[in-house]
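Below you'll find the structure, written out as structure tokens, and then a few comments.
The values are calculated or read from the model by the stated rules, or taken from the named source; none is laboratory data. These figures come from a predicted structure and were not determined experimentally. Every residue, glycine as well, gets a Cβ built from its backbone with ideal geometry; the counts of neighbours run over all protein chains shown. Surface areas here come from the heavy atoms of the whole protein model, side chains and all, with no ligands, DNA or RNA. Shrake-Rupley method; radii C 1.70, N 1.55, O 1.52, S 1.80 Å.
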Amino acid sequence: MLLMTPFESLLQGLSQDNELVHMEVSRAERARFATLGDFGDFGVAALHEAAASLIGERELWCHQAEAIVHATAGRSIVVATGTASGKSFCYQVPLVDAVHNGGTALMLFPTKALAQDQLRSIGALNMKRLSAVTYDGDSAIEARQWARRNANIVLTNPDMLHQGLLPFHGRWASFLSALRYVVVDELHTYRGIFGSHVAHVLRRLRRVCEFYGSSPVFISTSATVGDPGGLAEAITGIRPVVIDVDGSPRGERVLALWNPPADTAGVPVSGNASTARLLAALVTDGYRSIAFTRSRRGTEVVAARAKSMVPDALSGAIRPYRGGYLPAERRAIEAEMFDGRLRGIAATNALELGVDIGGLDACICNGFPGTISSFRQQIGRAGRSSQRSLAVLVCGDDALDQWYAANPRQLIVRPPEPVIVNPANPFVLLPQVACAVFELPLDPQGLLRAYGSAGASSDVASDEFDPLRPPVLEEAVGDAVRQLVLDDQLVVVNGRAVHSGTSSPSARISLRSGSGSSEYRIIDAKQRLVGTVDGGRALSVLHPGALYLHQGQQYRISELDRNDHVAYVDATTVDEYTQARSDTQLRFLKIEQAQTIGRVRLCLGRVEVEEQVVGYQRKKISTNEVMGEEPLDLPPSSLLTRAFWFEIPERIVERAQVAPAAIPGTVHAAEHAGISILPLFTICDRWDVGGVSTAVHPQNGLATIVIYDGYPGGAGIAELGFAAGADHVKATLAAIEGCRCKDGCPGCVQSPKCGNGNDPLDKHGARRLLAAMLAK
């Protein structure tokens, strides 16, 4: 009989009511080494002595050697290997070589925490002539001025490049003229609307560099992701060398699935309690651990519960970490992580990325994070030193989590999803082209140089629908220039497009949305800034009467100022939370693709969604009991986006034995289940999409189920959903059939974001309808 590892013994001892549904141990893997000479006529002697000294007598893992050779030879690369595989070293050597030869480097990170972590790493190199500095929204004016005059390595983020550097590129002339390398770290995070914006920002950077006589090499790094080369090309506009053979060693890992027990109605218990219990047990047993949650609120709740379960001496060693904290709060928590004072961390995906917290033994995922890529990135936070580690997925109460509970091997064997960006989205394209023309006038030749190489398949002619094939950007940019001229934002002078304004449009454009909506500030009674919320979520989470949670403190929204984008709050402590309710209307604008799925028609196209928050429910935290409903008088919002939808003939409804009065609840339940299972086929989560279902849609006269992209203009999700077709319907049906509940629960047809309060829902009608849709 094989002896159990300490982690296996701990989990077996904690498991109650068969919570531990799966556990297996993955074996350790040895490193694979290589030299620079293995990848061509190249050796350490070709590097500046400072860069060569970094390598020294060290044995390079094979992907590190390959990356260094290609990058220093002037070829753009993407390194797509696992967590803790030394990807930073792949760009540190070329950067040191460039700086000691008089060049500069720009490093882009999706989060400020990641930039701070890398700044510490570069500082630890202790290299002369390296002058590295972070340049972000937290930097003081004096620090920004110093960076422009003295830094040869600048660490920033796409937002700061977009708003703080490119519009004022003249101040950076000497830095940009010597720019040798641009590092794009954590490439897989640039997806959807954010990635579509960043694709334009990097093309703007290339235009400005060309103006100053430089042509930097792009070094992109990514966790394991589908088609990393295609993504790198879509983001940077340059076809890279793909390096995806991972030579790093791996320690033994215990992987477990933890499914909280169901209550008497068959509804799974919230994963927060289980996650907190696991985190507390690991901290108490001396294991440094991190628990990832899927919401800011979940982070606060898990940290508070775990603190209450550990000995008093350890309660201060557990803290939450999430977006929305003020800079000083973030820096203090990060310092405690790095020096080991924290033993347990409850975090959102703000810490999913490559921040080396150091020495973590265990990772708990409170709910599947939406994609295989994110799941593997999160569990890779533990065991970075090749020690034995533990990864636990606490299955949430939705269909996707329960699907993985029933199919645990898929967490290991399922390939990572591709990341999709849509730079041709007009809500992204038009403002970004305006930014580019403000920075430098645009002529036809410049347009081709900046946008003509986008997309790995842009030169392949095909009439077959392919959701992964990027658009031909130069054509879309030409149309955008003409539209901006008609809108009087640009004028044409001597064959060149010139911006008609005197101030940069970038200050008004957020990279995180397609609508340019800005953040709302949250101010307490003492006029202190509590936190921030994106404008796209403001009406649903900051409406008057809403409860907002920050650092364990509850706040009640007393006033929402939509003109100044400010929410005023008062501190409170109640056993209560709020959930917004809304009315949604959807209109089809254009059908672009259609196909037959079983016995129904599946369509893809453009839609307009009008949503109005009309009230909110007050619910007890302890029991989820509805305490009351309050009306709201807020203006409607309109969203022009892309969707895929199922048109269901009356005969199929009759075949499914769904009575006319039961159709609304049936299609509503099928819509919810379809949205929750969609991340199996797209790199998104249910919060990235919306849905509308109706017994009879006024435009087609049929029962209709619509799933739409939650971003203006679309982010590529609808295309992948349409391409999944019958497989998506089959998985949705399997999720409903496999659920343990009697009449519907969050594990199958209920949704935490439903604007109608999950009413009406008919689980059994949805099961019969989906089966009838697929019947041959």
query = Pairs under 6 Å by beta carbon, first residue open to solvent by 10 Å² or more (accessible area, probe 1.4 Å) in region 222-241, partner modelled with pLDDT of 90 or more and acidic (Asp, Glu), six or more apart or different chains?
reply = Arg239/Glu233
query = Of (1) out of contact with any helix residue (DSSP H, G or I) (no Cβ under 9 Å at 6 or more places or on another chain); (2) under 29 Å from Pro423 (Cα atoms); (3) modelled with pLDDT under 90; (4) of a type outside the set (Lys, Arg), Ser637 satisfies all except one. Which?
reply = (1)
query = If you scan region 1-34, which residues turn out to be part of a loop (DSSP other than H, G, I, E, B), modelled with pLDDT of 85 or more, in contact with a strand residue (DSSP E or B) (Cβ under 7 Å, 6 or more places away or on another chain) and not acidic (Asp, Glu)?
reply = Ala28, Ala31, Arg32
remark   = Over region 472-511, the set of residues in a helix (DSSP H, G or I) and touching a Gly at 6+ places or on another chain (Cβ under 8 Å) is Leu473, Glu474, Arg508
key: Matching residues, region 106-153, being in a loop (DSSP other than H, G, I, E, B) and of a type in the set (Gly, Ala, Ser)   = Ser131, Gly137, Ser139, Ala140, Ala151
ask   = Arg294 versus (1) at pLDDT 85 or above; (2) buried (at least 21 other Cβ atoms within 10 Å of the Cβ); (3) charged (D, E, K, R): which is the lone unmet condition?
value = (1)
message = Tell me the residue from Val69, Val21, Val25 that is in contact (Cβ under 8 Å) with a residue 12 or more places away in the chain, open to solvent by 60 Å² or more (accessible area, probe 1.4 Å), in contact with a Leu (Cβ under 6 Å, 6 or more places away or on another chain) and of a type in the set (A, V, I, L, M), please.
response = Val21
inquiry  = Anything in region 35-66 that is open to solvent by 70 Å² or more (accessible area, probe 1.4 Å), closer than 19 Å to Ile77 by Cβ and assigned to a loop (DSSP other than H, G, I, E, B)? List them, or say none.
reply    = Thr35, Asp41
ask   = Is region 246-266 home to any residue that is open to solvent by 40 Å² or more (accessible area, probe 1.4 Å), modelled with pLDDT of 90 or more and of a type outside the set (D, E, K, R)?
value = no
task = Go through region 565-601 residue by residue and tally those that are out of contact with any Asp or Glu (no Cβ under 8 Å at 6 or more places or on another chain), within 26 Å of Gly714 (Cβ to Cβ) and either open to solvent by 50 Å² or more (accessible area, probe 1.4 Å) or among the hydrophobic types (A, V, I, L, M, F, W, C) (or both).
result = 10
ask   = Filtering region 154-194 down to residues that are over 26 Å from Val421 (Cα atoms) and among the polar types (S, T, N, Q), which residue is surrounded by the most Cβ atoms within 10 Å (Cβ to Cβ)?
value = Ser177
message = Whether any residue in region 443-465 is more than 30 Å from the chain's Cα centre (by Cα) and either within 23 Å of Gly192 (Cβ to Cβ) or at pLDDT 85 or above (or both) is what I want to check.
response = yes
note = Subset of region 614-635, residues surrounded by fewer than 14 Cβ atoms within 10 Å (Cβ to Cβ) and not in a strand (DSSP E or B), comes to Lys620, Ser622, Thr623, Asn624, Glu625, Asp633, Pro635
key: Residue satisfying all of: in region 384-408; open to solvent by 20 Å² or more (accessible area, probe 1.4 Å) and within 30 Å of Ala232 (Cβ to Cβ); modelled with the highest pLDDT among these   = Ser386
inquiry  = Quick check on region 83-92. Is at least one of its residues of a type in the set (D, E, K, R), within 30 Å of Phe175 (Cα to Cα) and at pLDDT 95 or above?
reply    = no
request  = Return yes or no: is Asp575 more than 23 Å from Ala424 (Cβ to Cβ) and not in a loop (DSSP other than H, G, I, E, B)?
outcome  = no
Lone unmet requirement of (1) surrounded by fewer than 23 Cβ atoms within 10 Å (Cβ to Cβ); (2) assigned to a helix (DSSP H, G or I); (3) not hydrophobic (A, V, I, L, M, F, W, C) for Tyr91 = (1)
request  = Please state which one of Asp285, Asp356 is surrounded by fewer than 23 Cβ atoms within 10 Å (Cβ to Cβ) and either among the hydroxyl-bearing types (Ser, Thr, Tyr) or modelled with pLDDT of 80 or more (or both).
outcome  = Asp285
task = Output the qualifying pairs, or none if there are none: Cβ atoms under 6 angstrom, residues six or more apart or on different chains, first residue in region 174-189 and within 16 Å of Asp227 (Cα to Cα), second residue of a type in the set (S, T, N, Q) and assigned to a helix (DSSP H, G or I).
result = His188/Ser373
key: Selected residue (only one of Ala143, Ala124, Ala151, Ala105 is under 27 Å from Glu336 (Cα atoms) and either crowded, with 22+ Cβ neighbours inside 10 Å or in contact with a strand residue (DSSP E or B) (Cβ under 8 Å, 6 or more places away or on another chain) (or both))   = Ala143
query = Restricted to region 72-86, and to residues that are under 27 Å from Arg381 (Cβ atoms) and aliphatic (A, V, I, L, M), which residue is most open to solvent (accessible area, probe 1.4 Å)?
reply = Ala84
request  = Identify the single condition in (1) surrounded by fewer than 21 Cβ atoms within 10 Å (Cβ to Cβ); (2) modelled with pLDDT of 95 or more that Asp138 does not satisfy, given that it satisfies every other one.
outcome  = (2)
inquiry  = Let me spell it out: the conditions are (1) touching a Lys or Arg at 6+ places or on another chain (Cβ under 9 Å); (2) under 30 Å from Lys753 (Cα atoms); (3) surrounded by fewer than 24 Cβ atoms within 10 Å (Cβ to Cβ), and Thr299 meets all of them except one. Which number is the exception?
reply    = (3)
note = So the strands (runs of 3 or more DSSP E) completely within region 636-747 holding 2 or more residues that are closer than 22 Å to Asn425 by Cα, in contact (Cβ under 8 Å) with a residue 40 or more places away in the chain and open to solvent by less than 20 Å² (accessible area, probe 1.4 Å) are 637-648, 703-709
key: Qualifying residues in region 195-220 (those that are polar (S, T, N, Q) and modelled with pLDDT of 95 or more) - the one surrounded by the fewest Cβ atoms within 10 Å (Cβ to Cβ)   = Ser215
request  = Within region 390-408, count every residue that is more than 21 Å from the chain's Cα centre (by Cα) and in a strand (DSSP E or B).
outcome  = 1
